[in-house]
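Colleague: Got a structure for you, written out below as structure tokens; questions coming shortly.
The values are calculated or read from the model by the stated rules, or taken from the named source; none is laboratory data. On a predicted model such as this, the values are computed, not experimentally measured, just so you know. Don't worry about glycine lacking a Cβ; one is built from the backbone with ideal geometry, like all the others, and counts go over all protein chains shown. The protein model used for the area step is the full one, side chains on, heavy atoms only, and it has no ligands, DNA or RNA in it. Shrake-Rupley method; radii C 1.70, N 1.55, O 1.52, S 1.80 Å.
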Amino acid sequence: MTDQVREKMTAAEFAQLPETTQPTQLINGELIVSPSPVDRHQDVVVGLVLLLGNEIKTGKVVVAPMDVYLTDDSVFQPDVFWLSAESACVNRDGYYYGPPELVIEVLSPGAARLDRQEKYTAYARTGVAEYWIIDPLYEMIEVHVLTEGHFQRKGMYEHDESFHSPILNHTF
């Protein structure tokens with residue numbers, strides 16, 4: 001039996017791929033293609049976009065699929081992200097480069113490990129100030145805040161509990 005060989009891809013090579021709405025990310029040099037999200041996932045995403053758009057009057061809310069180039073070997077498509085007016089994450093040629101201030105990932109069964117491990121680590125390492133992980137099955141939200149280069153979990157909240165977002169300076 002021969003071993004399967006996987007070649008790593010760079011962000012520059014990823015940028016040369018054809019445009020698609022299929023969820024496609026580059027994680028540590030590996031191309032990850034996923035099926036489209038289920039209905040419940042999208043309901044949560046749409047609700048987040050509406051909530052942030054109505055409550056936060058500064059900056060910009062962006063929804064997937066939208067590429068965020070974080071490193072030379074990682075290009076993610078966060079479900080939702082927010083950029084301040086002074087963001088280090090800049091739009092260049094229609095894509096974003098650098099860390100957004102707030103990233104929100106809605107867990108899917110097939111991608112939960114990536115959101116909780118590889119992406120969690122990369123978001124902290126590249127300077128994302130706040131990271132929300134939403135579990136639609138259990139209707140929970142985890143809020144993580146960047147402190148000295150590492151995420152600290154600020155709290156876990158049920159759907160009927162309020163919480164304060166330090167980066168947005170807003171209570172939801």
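Colleague: Based on the mean of other Cβ atoms within 10 Å per residue, sort peptides 108-115, 49-56 so the most packed one is first.
Modeller: Top of the packing list down: 108-115, 49-56.
Colleague: Taking the simple approach of a point 7 Å from Cα along Cα-to-Cβ for both Asn169 and Val90, what is their distance in nm?
Modeller: Computed distance between label sites Asn169 and Val90 equals 2.5 nm.
Colleague: Net charge around Val61, counting only other residues with Cβ within less than 13 Å of its Cβ (Lys, Arg = +1; Asp, Glu = -1)?
Modeller: Spelling it out: positives minus negatives among the neighbours equals -1.
Colleague: Still on this model: Positive end of the dipole of the chain, charges at C-beta (+1 Lys, Arg; -1 Asp, Glu), about the Cα centre: which of Ala112, Phe163, Gln42 has its Cα farthest in that direction?
Modeller: The residue sitting most towards the positive pole is Phe163.
Colleague: So, one more: Is the shape of the range 35-172 rounded, prolate or oblate, going by the alpha carbon gyration tensor and its root eigenvalues a ≥ b ≥ c, with a/c under 1.5 for rounded and a/b larger than b/c for prolate?
Modeller: It is rounded, given that a/c, with a ≥ b ≥ c, falls under 1.5.
Colleague: With a point put 7 Å past each Cα toward its Cβ, work out how far Arg113 is from Glu55 in nm, to one decimal.
Modeller: Inter-label distance under the simple model: 3.3 nm.
Colleague: Which residue fluctuates most in the GNM of the chain (Cα springs below 10 Å): Gln25, Gln152, Gln77?
Modeller: Residue with maximal mean-square fluctuation among Gln25, Gln152, Gln77: Gln152.
Colleague: Same structure again: 7 Å from Cα along Cα→Cβ at both Ser34 and Val145: what's the point-to-point distance in nm?
Modeller: It works out to 2.7 nm between the two label points.
Colleague: Near Lys57, which lysines are there with a Cα under 23 Å away, not counting those fewer than 8 places off in the same chain?
Modeller: Those lysines meeting the cut-off do not exist here.
Colleague: Over the range 63-166, what is the mean sequence separation of C-alpha contacts under 8 Å (at least six apart), divided by residue count, expressed as relative contact order in percent?
Modeller: It rounds to 18 percent for the range 63-166.
Colleague: So, one more: What does the net charge come to around Ile27 if you take all other residues with beta carbon closer than 12 Å to its beta carbon, with K and R at +1 and D and E at -1?
Modeller: Result for the neighbourhood of Ile27: -1.
Colleague: Let me ask you something else. Keeping every protein chain present and rolling a 1.4 Å probe, give me the accessible area per residue for the chain in Å².
Modeller: Accessible surface, normalised per residue, equals 57 Å².
Colleague: Tell me the angle of helix 39-55 to the major Cα principal axis of the chain, expressed in degrees between 0 and 90 and rounded to the nearest ten.
Modeller: 50 degrees
Colleague: Another question about this same structure. Cut-off under 21 Å on the C-alpha distance; same-chain residues fewer than 8 positions from Lys8 excluded. Which lysines are left, in chain and number order?
Modeller: Leaving aside lysines fewer than 8 places away in the same chain, those within reach of Lys8 are Lys119.
Colleague: Shifting gears a bit: State the answer as a single residue: which of Gln77, Phe172, Thr121 lies farthest towards the positive end of the charge dipole of the chain, with beta carbon charges of +1 for Lys and Arg and -1 for Asp and Glu, about the Cα centre.
Modeller: The Cα lying farthest towards the positive end belongs to Thr121.
Colleague: Something else now. Could you compute the net charge surrounding Glu161? Neighbours are other residues with a C-beta less than 13 Å from the C-beta of Glu161; K and R count +1, D and E count -1.
Modeller: -3
Colleague: Turning to a different aspect of this structure: Starting from the Cα gyration tensor of the range 110-166, take the square roots of the eigenvalues, sort them a ≥ b ≥ c, and report rounded, prolate or oblate (rounded when a/c is under 1.5, otherwise prolate if a/b is larger than b/c, else oblate).
Modeller: It is oblate, given that a/c is not under 1.5 and a/b is not larger than b/c.
Colleague: Give me the distance between the Cα centres of the range 51-86 and the range 102-172, rounded to whole Å.
Modeller: Distance between centres, Cα-based: 14 Å.
Colleague: Starting from the Cα gyration tensor of the range 79-140, take the square roots of the eigenvalues, sort them a ≥ b ≥ c, and report rounded, prolate or oblate (rounded when a/c is under 1.5, otherwise prolate if a/b is larger than b/c, else oblate).
Modeller: Prolate is the answer for the range 79-140, as a/c is 1.5 or above and a/b outweighs b/c.
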